[in-house]
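For reference, the structure discussed in these notes is given below.
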Amino acid sequence: MKLSRTGWNNVIIFSVMTIILVINATNDKLFPSEETKNNAERLILPQHSVILTLAIDLPEKQHVLLERAGRSWQLTTKGLILDKTEQQIEQMMFAWQQSSGLVQAAEIVIDSDQGVAVQISLAGDSQTRTFILYPLSDQLLIYQQRDNIWLALPATLTQQLLPINL
């Protein structure tokens, strides 16, 4: 098979284009980015978010409200007495901002009466984020209503995320 100079140029051009298309198509599989590597793990709140208010509705009509007042926190309770220091409240807020869990692939069926509702208002976010926490014996399940996602966290985080023991 004899090709002219123009014919060989076309063969080379199409070969290079094919190689580029193959590399682009398989790039995510060959070189996964950090986002695709950790897609199964996700932060509860967006990174670098600032919590303005955190409201917790507990069983038996008990309610806890934490509001940012300057650089400190104002704690308001209804139906229970909490004795938390400023440092303990700061640690709880830090746990909310830094904790991450594994995204659950399937929809989870659980008794909704066991859930603890938490509403969080973030700076720069017009909508309040609603989470329902289900403390189980071996893990803590968190349902994020806004994104319709279930996260599974270690059971020990329950004490860090909630101001009372359940």
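The values are calculated or read from the model by the stated rules, or taken from the named source; none is laboratory data. A quick note: this is a predicted structure, and the numbers were derived from the prediction, not measured. Here the Cβ positions follow ideal geometry from the backbone for every residue, glycine too, while neighbour counts run over all protein chains shown. The accessibility values were calculated without ligands, DNA or RNA, using every heavy atom of the protein model including side chains. Shrake-Rupley method; radii C 1.70, N 1.55, O 1.52, S 1.80 Å.
Please find, among 153, 140, the residue that is among the hydrophobic types (A, V, I, L, M, F, W, C) and without any contact (Cβ under 8 Å) to a residue 40 or more places away in the chain. 140 is the lone residue from the list that is among the hydrophobic types (A, V, I, L, M, F, W, C) and without any contact (Cβ under 8 Å) to a residue 40 or more places away in the chain.
Looking at residue 163 and the list (1) of a type outside the set (Val, Ile, Thr); (2) assigned to a loop (DSSP other than H, G, I, E, B); (3) open to solvent by 40 Å² or more (accessible area, probe 1.4 Å); (4) within 18 Å of residue 91 (Cβ to Cβ), which single condition is not satisfied? All conditions are met except number (3).
If the condition is being open to solvent by less than 60 Å² (accessible area, probe 1.4 Å) and over 19 Å from residue 129 (Cα atoms), then the stretch 49-69 contributes 62, 69. Taking the residues in the stretch 70-101 that are of a type in the set (A, V, I, L, M), touching a Leu at 6+ places or on another chain (Cβ under 7 Å) and more than 19 Å from residue 128 (Cα to Cα) as candidates, determine which candidate is most open to solvent (accessible area, probe 1.4 Å). Here the residue is 82.
Can you say whether residue 45 is more than 24 Å from residue 148 (Cα to Cα) and open to solvent by less than 60 Å² (accessible area, probe 1.4 Å), as far as the supplied structure shows? So that I can check it myself, show each step before the final result.
Numbers: more than 24 Å from residue 148 (Cα to Cα): no; open to solvent by less than 60 Å² (accessible area, probe 1.4 Å): yes.
Here the answer is no, as residue 45 does not meet what is asked.
Here residue 84 clears all of (1) within 18 Å of residue 58 (Cα to Cα); (2) in contact with a Ser or Thr (Cβ under 9 Å, 6 or more places away or on another chain); (3) in a loop (DSSP other than H, G, I, E, B) except the condition numbered (2).
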